[in-house]
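In what follows, a single structure is set out as structure tokens and then discussed.
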Amino acid sequence: MRPALLRFRRSSPEGLAADLADRVIGQPQAMRQIVPYVEMYQAGLAPDGRPAGVFLLLGPTGTGKTRTVEALAEVLHGTPRHLLRVDCGEFQMEHEVAKLIGAPPGYLGHRETTPMLTQQKLASATSESSSLALVLFDEIEKAAPSMTRLLLGVLDKATLRLGDNTSVNFERTMIFLTSNLGAREMHRELCPDFGFAVAAGAPVGEPAKKLEAIGMQAVRRKFAPEFVNRIDAVITYQPLNQAALETIVDQQIADLEQHIQNRLGDDAFELEVADSAREFLLRTGTSAEYGARELKRAILKHLTQPIASLVARGEIGAGATLRVDAAALRLVLTVE
Ligand SMILES: Nc1ncnc2c1ncn2[C@@H]1O[C@H](COP(=O)(O)OP(=O)(O)OP(=O)(O)O)[C@@H](O)[C@H]1O
Ligand SMILES: [Mg+2]
């Protein structure tokens, strides 16, 4: 378990918002909309007969939509993987919905299909520290219409009827739908010159509103009004600005340092990452087009793997300092 857990500030009213903002950089509007619903649930005041919150997360790729749900899982349950994720890309055909709810008795395959969304599965997404299960429907625009119809019942009455006619109660869940509806138009709005992007400065004021409007328009084109009306908040994620990307780079370097300490124990060493190396990672791992999506891969390739081969060859001893600088196309590691 990550030592970051110790940093939780559960006791203060700003605790949850601050814990989330530490993990999802540069999207304060998203936190502002989600946190009140979590607090309402924690206070026992969430309305009866519906999920504790239903959110549609829109916006460009690599800006923190999925990360938000993982961050909430980490804050509520102690690990970012503690959530129920449904990849809607797997439910594009009408008949695939049986995987979700199980086939009715007597139908072919009835016994073999364990539904994905059972009460038990929801229960296993809760923890000792919170009874709120987080359910993520990724890429909702890919779901077959029959799945959208099922979801309608879940959003409206917090009930899902399974193939065997039992029902699942979703009152203790928070539902996140993510979609890249409107993403292409948003991208055109942000980078009119075919992606020869302005170093993505997050739009403020008017442009941010414009992205929201583009998102809402795409949502209304795709989903029926009764579906849209059952969503508590449609949240449009903004492209990450330079300062946010820098913070994310620093965080991921700090995560790697922590990982070295945790894994190597007494054999661990310190990293000293020069500004040039930070800039290198910023340049190779982030972009206006993909946000911070490629950063983990860039750190793995240019930092973690070269470090691992130094360790494997026994070229770095316990307590040493490893200095990281940048050359033109790679990082240069020097043991000090
Ligand atoms: N706002 C952010 N704060 C911190 N890290 C971020 C943020 N946005 C992206 N990242 C980093 O980039 C990775 C990808 O982000 P994420 O999965 O949230 O993208 P997404 O918005 O869901 O994109 P997609 O539309 O492609 O699913 C994260 O795992 C994280 O490492
Ligand atoms: Mg995502």
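The values are calculated or read from the model by the stated rules, or taken from the named source; none is laboratory data. The structure presented is a predicted model; accordingly, all values stated were derived computationally and were not measured. All Cβ positions, glycine included, derive from the backbone under ideal geometry; neighbour counts span all protein chains shown.
Overview of values
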item	result
The listed residue being within 11 Å of ligand 1 (Cβ to nearest atom) and without any contact (Cβ under 8 Å) to a residue 24 or more places away in the chain, out of ARG297, ARG293, ARG220	ARG297
Hits in the stretch 50-62 (condition: farther than 15 Å from GLU139 by Cα and within 14 Å of ligand 2 (Cβ to nearest atom))	none
Test result for PRO47, surrounded by fewer than 21 Cβ atoms within 10 Å (Cβ to Cβ) and modelled with pLDDT of 95 or more	no
GLU74 vs. criteria charged (D, E, K, R), within 16 Å of ligand 1 (Cβ to nearest atom) and at pLDDT 95 or above	yes
Residue among ARG32, ARG9 that alone is away from ligand 1 (no atom under 16 Å from the Cβ) and at pLDDT below 95	ARG9
So SER167, is it farther than 27 Å from ALA30 by Cα, without any contact (Cβ under 8 Å) to a residue 40 or more places away in the chain and away from ligand 1 (no atom under 15 Å from the Cβ)	yes
From GLU90, GLU94, GLU74, residue being more than 14 Å from ligand 2 (Cβ to nearest atom) and in contact with a helix residue (DSSP H, G or I) (Cβ under 6 Å, 6 or more places away or on another chain)	GLU94
Helices (runs of 4 or more DSSP H) contained entirely in the stretch 47-132, each with at least 1 residues that are of a type in the set (S, T, N, Q)	65-77, 119-124
Output for the stretch 124-181, where each listed residue is within 16 Å of ligand 2 (Cβ to nearest atom), at pLDDT below 90 and touching a His at 6+ places or on another chain (Cβ under 9 Å)	none
In the stretch 244-300, the residues that are part of a strand (DSSP E or B) and within 16 Å of ligand 2 (Cβ to nearest atom)	GLY291
Which numbered condition PRO207 fails, given (1) within 16 Å of ligand 1 (Cβ to nearest atom); (2) at pLDDT below 95	(1)
Test: residue in the stretch 314-321 that is assigned to a helix (DSSP H, G or I) and either surrounded by 16 or more Cβ atoms within 10 Å (Cβ to Cβ) or of a type in the set (Lys, Arg) (or both)	no
Test: residue in the stretch 257-278 that is within 27 Å of MET186 (Cβ to Cβ), surrounded by fewer than 17 Cβ atoms within 10 Å (Cβ to Cβ) and under 22 Å from the mean Cα position of the chain (by Cα)	no
Per-region count, the stretch 295-332, residues farther than 23 Å from LEU245 by Cβ and touching a helix residue (DSSP H, G or I) at 6+ places or on another chain (Cβ under 6 Å)	2
Residues being surrounded by fewer than 19 Cβ atoms within 10 Å (Cβ to Cβ), within 16 Å of ligand 1 (Cβ to nearest atom) and of a type in the set (A, V, I, L, M) - total across the stretch 134-161	0
Matching option when the condition is within 13 Å of ligand 1 (Cβ to nearest atom) and within 17 Å of ILE175 (Cβ to Cβ), among VAL54, VAL24, VAL69, VAL86	VAL69
